[in-house]
Each structure stands twice: as structure tokens, then as C-alpha cells.
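Accompanying notes for the structure given below.
The values are calculated or read from the model by the stated rules, or taken from the named source; none is laboratory data. The structure presented is a predicted model; accordingly, all values stated were derived computationally and were not measured. So basically every Cβ, Gly included, is an ideal-geometry build from the backbone, and we count neighbours across all protein chains shown. Calculation scope for accessible area: heavy atoms of the full protein, side chains included, ligands and nucleic acids excluded. Shrake-Rupley method; radii C 1.70, N 1.55, O 1.52, S 1.80 Å.
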Amino acid sequence: MFFLLPLPATGRVAVWRLGVKRFFSQSRAAADMTKGLVLGVYNKGKEEDVPQFTSAGEKFDKLVSGKLRELLTISGPPLKAGKTRTFHGLHQDFPSVVLVGLGNKGAGIDDQENWHEGKENIRAAVAAGCRQVQELELSSVEVDPCGDAQAAAEGAVLGLFEYDDLKHKKKTVVLAKLHGSGDQEAWQKGILFASGQNLARHLMETPANEMTPTIFAQIIEENLKTASSKTQVHIRPKCWIEEQEMGSFLSVAKGSEEPPVFLEIHYKGSPDASEPPLVFVGKGITFDSGGISIKASANMDLMRADMGGAATICSAIVSAAKLNLPINVIGLAPLCENMPSGKANKPGDVVRAKNGKTIQVDNTDAEGRLILADALCYAHTFNPEVIINAATLTGAMDIALGSGATGVFTNSSWLWTRLFEASVETGDRVWRMPLFEHYTKQVVDCQLADVNNIGKYRSAGACTAAAFLKEFVTHPKWAHLDIAGVMTNKDEVPYLRKGMTGRPTRTLIEFLLRFSQDKARA
Ligand code: BES
Ligand code: ZN
Ligand code: ZN
């Protein structure tokens, strides 16, 4: 009979840094009392009467003479997928061992769910296990690769993320390492993908007074410059935006005291500098009050994340630079606030976009499409291979798909297939939406201008918004990603905590990675 030992109290020292009190764990004994171990367990197969450990679990169980299996069996029912059970005092190197349920062994691509069930199970299980370790205030954790070190690393890094920069009481910083001599390369890749998404989460979660257009641009500049030397950053000020005749973008920006920025980033990874780039465009509204068509006050704070498009596309480019992908990518982010003021757009105003088209602004809360219209026109000037834009564009997208998938509106089935395949791998899914002429008719039927910034009817708001953007696109390979529904997480994605998600950053990185690999094969 074995006993669950009481948890040893951690010795902690307090250190003040930047005016914020931080605790650092301190080891007291020869053994590292600050280290946790996360190990996976599969569901019992039909022929088995004992739970099936992963190979790392099996090894550890042998090391402790079968005690792990015994404890697991006597401590409760079999571990379900995503559930955890923690044991203490089994081995001096690992004072706390967290077992996590991985679901069925051999789970692969589920073509109803459009994702890889095995990878999703690993992400969810490892995230839950690492969070247990964090709750125990341990400063490091070794993680079982569970057969897919990339998915395990993603689960660890995404699961541990918490935005607490502005709080005095912070969650323990847990350093996750790969357990055993597994696939370090895949583990590092997972860390990189998840860190990319966490950068986007950080940008989105930060309050609007701390994440102005200028600060956003500076953070991206810093991250991109550190990622690679093959980069350029242009933080374009208002006078540049005026020279570019981006009247639609300026009309939104002028409602706020906060100066707008047009952020333009270049990653030149291809050995051929003249190779046509992929151009990513992201909506960068650092706060969307709605303007004169002001929003209801309930949950208006969420509109600090209305720069999620800019955050995800810029983070994906930073990640592509870290991966040193042999491609050229440009990121464009019109950044400003949408505020009501004496200078703000008024319903019925007509503004002129960069391509000369006039737009009647019947609703000042449909501002995303106004700033994207100019950015999309500008995107065409780079002779791009493809144009992809991401935007928290419409509440209607959230009504349509919720947080199940990003809505993709594209004029290219080739591009659709590539985005779709990338999303099956990452589990951050996409779903194709229509760009029918049917919706275009509802935005070009306009009393005072060439196009109206809202549709004639209430229905299909995500589709009429996409049809509006299409009026500013002539490129044959364009995709618009409406990410409004995937902007936040309550509890739907188990490996993300409640809050801003940074979705679909990993899908964009995977898309870029596959694009570079396809190009190398061609
Ligand atoms: N940023 C919002 C869309 C949004 C809503 C994103 C909820 C995330 C969560 C956008 O600028 C907006 O307000 N759109 C309006 C358009 C309408 C006035 C045609 C909307 O969706 O209500
Ligand atoms: Zn709005
Ligand atoms: Zn908005």
C-alpha cells in the first residue's frame, strides 16, 4: 500500500522588479523540489484491463517499481481525456507527477471535425497538466511528448499563458521542457508556434490605453527585429497616410485624439529578393467604441481586441521570420481608434478610398471595412502572390459560427484548400463562406456614393461585409478571414484560458510553412 504524501511547501523569495513584487521559487533540498512531471495515459483499449501509459509513462512506472500504475488504479476511476490526477513523493527528481488523460490511442484526422483528434487531445491534456504544476507554484515542468512533441509543446505554452502584466499577484512562471531524449526539433517548433499565438494574445488582451497604434507598432518592430535580420519595419505616420490618399482609413482615425499609424513590415526570407511576396493585411482598431453609431456599453471593453487581425498577421510574420522560411512576406496594419468626437465620421458622410471609390458611411461602427479598403488597395502595389486579410469584422460572424472556426471568404479555391489543410493540422479551424454577387448587390446599391459601408438588409452581415471588401480587390488569389467569432475564449478551447485567443495565428504560420515547402518542391 502506498500513500499520497502531503505536498512539500515551496520556499519562495520575493523580489521587486519594475515596481512589481515577484516571487521566485527557491530549492531547499538537494532534490529539485520545484520540478513537476506531466505524463500521458491513454484510454483503456478493449483488450486491456489496465490503463495504457505512453512510453515515457511506462519508463517512469518501471523506475518507481510499478507504483505509478498502482496509485492510478487505486485512486479513482480511469482518467478521461483532458483530466488530470496528481501524485506526490514518488521519485526524488519529480516531487509532483501529474498524469493526464490522452483519450484513445491512435486517434488521427477526424473528417467530420476537420482536425487531428490525437493532436488536439495532446494539446488539451498537456495544457491541463501544466496548469496543475502552475497551481502548485513549481517553476519548471518536464513534459511527456505523448507521441507528438510539437502538439505537447503547444499545449504547454498555450495552456500556461496568462495575461497578468498589470496585476501585482501573478501566476507562477513555469518553464516547460521536453521529458526524455525525444524529438527536440518538434518540441522547439511547438514552442515557436504557441509563442507566436501568445504574442497575439498579449497584444489583444492589453487594454487600449496601453496598446495604442504607436505602442502596437513598436512592439511588433522589436519582435520582428529580434526574430531575424532579414526584416524591415516602416511605422508610417499620419502625413504618409494622407500622401497615400487613404481617405477611408483617415476618416475613421480622425475621430480620435490618438494618432493613427500605418504599420508596414517586411520579411525577406527568399534568396530571390524580387520574388513576389505574400501580403497579409490586418484590421488594427485598437479600440472600437462604434464612433457616433456608438456601441452598447455592456462588454464594450472587449473591443480592445479589435486589432486582433493586425495582431495575428503580424505575429504570424514574426514566427515565419523566426523559422527563417525562404519566402517574402509583407504585413500591413492600418492602426487607429474608432471614437465619437466632434471630428468623427457622421452617418451619411461620404469618404474617398485610395482607389478613388466613394463610400457612404451609413454606420460608423462598420469601421473595419473602411480602414481595410485602403490597406487592400495598397496591398496590390506589391505585385503579391496572394493577399490574405484578417479582421474582427462582424458580430454576424460570431452569430454564424461562434468560436468553432474562422470564416474564410475567398475568390480562390487553391487558397481555400491551403488554408483548410493548414487548419486541420493546427486544430484552429476555418470554414468557407460565400462571396456571392447576391451580397455585392446589397452594398453597391447606394444613394450617395459607389458603395455603402453597410448592407441594405440586416441578414448575412458577415457576407455583406466581405462583399464590401471585395470591391477593393482585383487580385485573383485573395482571402478575407473574419475572426470576430474566434476572438475570445470562454471554455470552448480547453488549452486556452478565458480571454483573448490570438486565433488563428498558428494556422497562418502553418500556411506560410507549407507554402514555403510547396515552393521548394516545385
Ligand atoms: N469590431 C466590430 C465587430 C465585432 C463584434 C468583433 C463583436 C468582435 C466581436 C465591428 O467593427 C462592428 O462593430 N461591426 C458591426 C457592423 C454593423 C454596424 C454593420 C457589427 O457587427 O455589428
Ligand atoms: Zn465597429
Ligand atoms: Zn470593429
- Answer yes if at least one residue in the range 172-187 is touching a Leu at 6+ places or on another chain (Cβ under 7 Å) and either closer than 22 Å to Asp374 by Cβ or among the charged types (D, E, K, R) (or both), and no otherwise. no
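Is there a residue being away from ligand 2 (no atom under 16 Å from the Cβ) and open to solvent by less than 10 Å² (accessible area, probe 1.4 Å) anywhere in the range 394-406?
yes
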Among residues of the range 93-133 being open to solvent by less than 10 Å² (accessible area, probe 1.4 Å) and in a helix (DSSP H, G or I), the residue farthest from Asp428 (Cα to Cα) is Val133
Filtering the range 267-323 for residues that are farther than 21 Å from Lys346 by Cβ, among the acidic types (Asp, Glu) and within 12 Å of ligand 1 (Cβ to nearest atom) leaves a count of 1
Of the residues in the range 284-308 that are more than 10 Å from ligand 2 (Cβ to nearest atom) and open to solvent by less than 10 Å² (accessible area, probe 1.4 Å), the one that is farthest from Met339 (Cα to Cα) is Gly308
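Would you pick out the residues in the range 348-369 that are assigned to a loop (DSSP other than H, G, I, E, B) and within 16 Å of ligand 3 (Cβ to nearest atom)?
Step one: of the range 348-369, the residues assigned to a loop (DSSP other than H, G, I, E, B) are 348, 353-357, 362-367.
Correct list: Asp362, Asn363, Thr364, Asp365, Ala366, Glu367.
Provide a single number: the residues in the range 159-184 that are more than 18 Å from Gly129 (Cβ to Cβ), open to solvent by 70 Å² or more (accessible area, probe 1.4 Å) and either free of Cβ contacts under 8 Å to residues at least 12 places away in the same chain or not in a helix (DSSP H, G or I) (or both). First the steps, then the outcome.
We begin by selecting, within the range 159-184, every residue more than 18 Å from Gly129 (Cβ to Cβ); these are 163-170, 181, 183-184.
Those still in the list that are open to solvent by 70 Å² or more (accessible area, probe 1.4 Å) too: 165-169, 181, 183-184.
After this cut, where a residue has to be either free of Cβ contacts under 8 Å to residues at least 12 places away in the same chain or not in a helix (DSSP H, G or I) (or both) as well, the list is 165-169, 181, 183.
Going through the range 159-184 one residue at a time, the tally reaches 7.
Looking at Thr426, Thr417, which one is farther than 30 Å from Ser289 by Cα and within 16 Å of the chain's Cα centre (by Cα)?
Working: Thr417 fails: within 16 Å of the chain's Cα centre (by Cα).
Matching residue, one of Thr426, Thr417: Thr426.
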